[in-house]
Amino acid sequence: MNKLQTILLAILGGINVTITMFTPIILSVLWIRVAGLNLWTSYLFFGLGLFATLFRAIQVGFLKG
């Protein structure tokens with residue numbers, strides 16, 4: 001594989017990891033925009049989004065090693 005293909009695959013892989021990690025946070029923020037933070041379920045949903053992001057970050061860290 002030549003250098004250009006390697007660079008393009010590395011960039012696409014980085015974008016994929018970034019989107020995969022931040023999708024739960026984005027969904028949580030959209031939920032808060034729609035429903036607000038009035039109920040305990042909104043806080044639960046936001047917390048689950050943060051924990052999912054943390055889990056995915058740890059998972060990506062272990063894949064690197």
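Select from segment 37-65 the residues that are surrounded by fewer than 12 Cβ atoms within 10 Å (Cβ to Cβ), small (Gly, Ala, Ser) and part of a helix (DSSP H, G or I) and write down the one among them that is modelled with the lowest pLDDT.
Only one residue fits best here, namely Gly61.
List pairs: first residue in segment 1-17 and closer than 15 Å to Arg56 by Cβ and part of a loop (DSSP other than H, G, I, E, B), second residue among the hydroxyl-bearing types (Ser, Thr, Tyr) and at pLDDT below 90 anywhere in the structure, Cβ distance under 7 angstrom, at least six positions apart or on different chains.
none
Gly14 - would you say it is loosely packed, with under 12 Cβ neighbours inside 10 Å and in contact with a helix residue (DSSP H, G or I) (Cβ under 9 Å, 6 or more places away or on another chain)?
no
Checking Val17 against (1) within 15 Å of the chain's Cα centre (by Cα); (2) on the phi > 0 side of the Ramachandran plot: exactly one of these is not met. Which one?
Among (1) within 15 Å of the chain's Cα centre (by Cα); (2) on the phi > 0 side of the Ramachandran plot, the lone unmet condition for Val17 is (2).
Kindly evaluate Lys3 against the criterion of being at pLDDT 85 or above and loosely packed, with under 10 Cβ neighbours inside 10 Å. Show your work before the answer.
Working: at pLDDT 85 or above: yes; loosely packed, with under 10 Cβ neighbours inside 10 Å: yes.
So Lys3 fits the description; yes.
Among the listed residues Arg33, Arg56, identify the single one that is free of Cβ contacts under 8 Å to residues at least 24 places away in the same chain and among the basic types (Lys, Arg).
Result of the check over Arg33, Arg56: Arg33.
The values are calculated or read from the model by the stated rules, or taken from the named source; none is laboratory data. Keep in mind that this is a model prediction, so the values were computed, not measured. Cβ: placed from backbone, ideal geometry, glycine included. Neighbour counts: every protein chain shown.
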